[in-house]
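A quick write-up on the structure given underneath.
The values are calculated or read from the model by the stated rules, or taken from the named source; none is laboratory data. Remember, it's a predicted structure, so these values are computed and weren't measured experimentally. Neighbour counts are summed over all protein chains in view; Cβ atoms, including those assigned to glycine, are modelled from backbone coordinates with ideal geometry. The area values use the complete protein model at the heavy-atom level, side chains included, leaving out ligands, DNA and RNA. Shrake-Rupley method; radii C 1.70, N 1.55, O 1.52, S 1.80 Å.
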Amino acid sequence: MSILSKIIDRIGMSATKRKVVSNLVWAVGGKIVTLVGNLLVGIFVARYLGPEQYGLMNYVISYVALFQIFATFGLDSIEIREESKTPERKDAIIGTAFRLKLVAATITIAFVALTMFLFEADGFTRLMVMMYSLSMLLNTMNVARNYFTSIIWNEYVVKTEISRTVIGIVFKVALLMLHAPLAWFIFAVLLDAVLLASGYAISYRAKIGSMRLWSWDAPLARYMLKQAFPMLLSGAAVIVYTKINAVMLGNMLDKTAVGIYSIAVSFTDVCVFVPTILSQTITPVLVRNYEQDLEQYKAKAQIFMNLSLWGCIIIAITVSLISYPLIRYTYGVMYLASVPVLQVLVLRLAGVALAQTSGQMIIVEHIQKWAVIRNLIGCAVCIGLNLVLIPRYGVMGAAVSSVITGLFPGFFANMLIPAYRKIFVMQTVGILTGWKDVYKIKTLLK
């Protein structure tokens with residue numbers, strides 16, 4: 001990054017701008033490396049396993065993902081917000097969040113085991129789900145990542161994630177060369193979580209301090225739980241309407257349908273990095289603006305929303321146009337059934353952008369207690385549409401359901417909730433005229 005530092009020095013940016021730009025470059029660069037690396041190795045794994053086994057692997061991952069929010073208890077955004085506001089209390093905030101997540105993850109794994117015992121007849125699927133569910137314990141180390149995010153210092157987080165990606169790719173390639181069975185590839189996904197947790201711990205100890213300083217604060221725990229509970233309910237609804245499609249396809253059709261759908265999802269997940277990285281990078285800046293200058297906060301929040309929305313719209317149109325060669329020359333002819341699915345599914349990026357940007361504003365403005373309503377609406381719409389569309393239209397029905405669902409919690413629901421109507425107005429402005437702000441990212445750094 002020395003070249004970047006020289007460029008920034010030559011431009012003459014302020015200390016704040018330097019930090020945000022450096023953080024953004026690291027975040028984007030790291031996300032691209034991780035997503036592209038995972039996509040490339042995922043292509044080889046999908047070709048090797050075939051639609052049915054690849055679908056089963058994604059069914060296992062999606063099933064565990066449905067419960068992940070309960071393991072984190074919706075604390076991530078609250079932790080980042082509190083650390084941005086009171087950095088001097090970092091040890092108490094991180095330590096309290098870590099212990100709360102550890103307890104939540106343990107209880108969640110037990111619940112996953114119970115649901116597997118009650119509803120899943122296949123012994124192999126049970127075993128794979130239980131093995132991968134251990135990743136929820138490892139994900140508690142995300143508290144270290146959240147702290148780096150709160151201080152706008154993504155460099156070491158990105159280095160950890162890139163290292164994880166490289167080691168994970170090497171391991172998966174070795175499995176391919178050894179013609180390993182499916183179980184080893186699911187174990188490889190669990191290994192990714194092990195590497196990531198270890199990397200976060202090493203980075204924190206090296207650059208911040210000892211984790212032994214993390215402390216428990218009972219009043220803070222009660223406060224964080226109270227603040228996080230609406231986010232837990234909201235997050236649970238979000239996970240349901242973003243991850244349940246694969247699970248419902250597996251139960252209502254077959255694992256091959258999950259494989260076809262997952263191929264389309266793999267490309268849309270790469271595209272989601274645009275609103276995700278913008279949210280992670282700009283949120284700490286918005287927190288400070290909200291505390292110090294409301295007018296400046298409103299102006300930056302509008303540009304933030306416009307950039308995210310129209311960036312995703314441009315990407316969605318591009319991917320839809322090139323979807324045939326994209327799948328034909330990557331995953332191969334056995335997955336060509338994913339082409340029309342991808343052409344439809346990629347349109348959900350607009351809904352993702354609207355949901356993520358408005359979601360960050362809701363947290364910054366401390367009005368998250370109403371967020372559960374809009375996300376429960378999205379959850380109900382998703383399940384309802386899947387029950388109607390999947391039996392009639394198969395995988396394509398799940399794709400259409402995903403696109404329509406994304407617009408309800410992220411946009412339409414804001415119109416129905418009085419506290420969020422101002423956000424709905426901003427979103428409407430963004431949809432109609434937001435394209436004018438596509439080149440205004442510099443304004444966010446001032």
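Among the numbered conditions (1) of a type in the set (G, A, S); (2) open to solvent by less than 50 Å² (accessible area, probe 1.4 Å); (3) over 18 Å from the mean Cα position of the chain (by Cα), the only one that A110 does not meet is (2).
Quick one: is L347 under 20 Å from the mean Cα position of the chain (by Cα), at pLDDT below 90 and farther than 25 Å from G50 by Cβ? Show your work before the answer.
On the way: under 20 Å from the mean Cα position of the chain (by Cα): yes; at pLDDT below 90: no; farther than 25 Å from G50 by Cβ: yes.
Taking the combined requirement at face value, the residue does not satisfy it.
Within region 285-300, is there a residue that is in a helix (DSSP H, G or I) and within 15 Å of the chain's Cα centre (by Cα)? So far as region 285-300 goes, no, none of its residues is in a helix (DSSP H, G or I) and within 15 Å of the chain's Cα centre (by Cα).
Filtering N58, N38 for residues that are under 30 Å from R126 (Cβ atoms), assigned to a helix (DSSP H, G or I), modelled with pLDDT under 85 and polar (S, T, N, Q) leaves a single hit, N38.
One residue stands out among those in region 366-386 that are touching a helix residue (DSSP H, G or I) at 6+ places or on another chain (Cβ under 8 Å) and farther than 24 Å from V272 by Cα: the one that is least open to solvent (accessible area, probe 1.4 Å), which is I367. Which condition number does S358 fail, the rest of (1) open to solvent by less than 10 Å² (accessible area, probe 1.4 Å); (2) under 30 Å from L336 (Cα atoms) being met? All conditions pass for S358, except number (2). Given the options G50, G30, name the one that is of a type outside the set (A, V, I, L, M), modelled with pLDDT of 65 or more and buried (at least 21 other Cβ atoms within 10 Å of the Cβ). Within the list G50, G30, the selection yields G30. Counting only helices (runs of 4 or more DSSP H) that fall entirely inside region 342-446 and contain at least 1 residues that are within 21 Å of L253 (Cα to Cα), the qualifying elements are 371-393, 395-407.
Is it fair to say L100 is modelled with pLDDT of 90 or more and either open to solvent by 10 Å² or more (accessible area, probe 1.4 Å) or of a type in the set (K, R) (or both)?
Values: modelled with pLDDT of 90 or more: yes; either open to solvent by 10 Å² or more (accessible area, probe 1.4 Å) or of a type in the set (K, R) (or both): yes.
Against the criterion (modelled with pLDDT of 90 or more and either open to solvent by 10 Å² or more (accessible area, probe 1.4 Å) or of a type in the set (K, R) (or both)), L100 qualifies.
Listed residues N386, N375; which is over 17 Å from the mean Cα position of the chain (by Cα) and either closer than 13 Å to A237 by Cα or not hydroxyl-bearing (S, T, Y) (or both)?
Values: N375 fails: over 17 Å from the mean Cα position of the chain (by Cα).
Step by step, each of N386, N375 is checked, and only N386 is over 17 Å from the mean Cα position of the chain (by Cα) and either closer than 13 Å to A237 by Cα or not hydroxyl-bearing (S, T, Y) (or both).
Residues that are in contact (Cβ under 8 Å) with a residue 12 or more places away in the chain, not in a helix (DSSP H, G or I) and not hydrophobic (A, V, I, L, M, F, W, C) within region 318-341 comprise T330, Y331, G332, listed in sequence order.
Candidates are the residues of region 212-242 that are hydroxyl-bearing (S, T, Y) and assigned to a helix (DSSP H, G or I); the one that is surrounded by the most Cβ atoms within 10 Å (Cβ to Cβ) is S234.
Restricting attention to region 113-144, the residues being open to solvent by less than 40 Å² (accessible area, probe 1.4 Å) and either charged (D, E, K, R) or in contact with a Cys (Cβ under 7 Å, 6 or more places away or on another chain) (or both) number 1.
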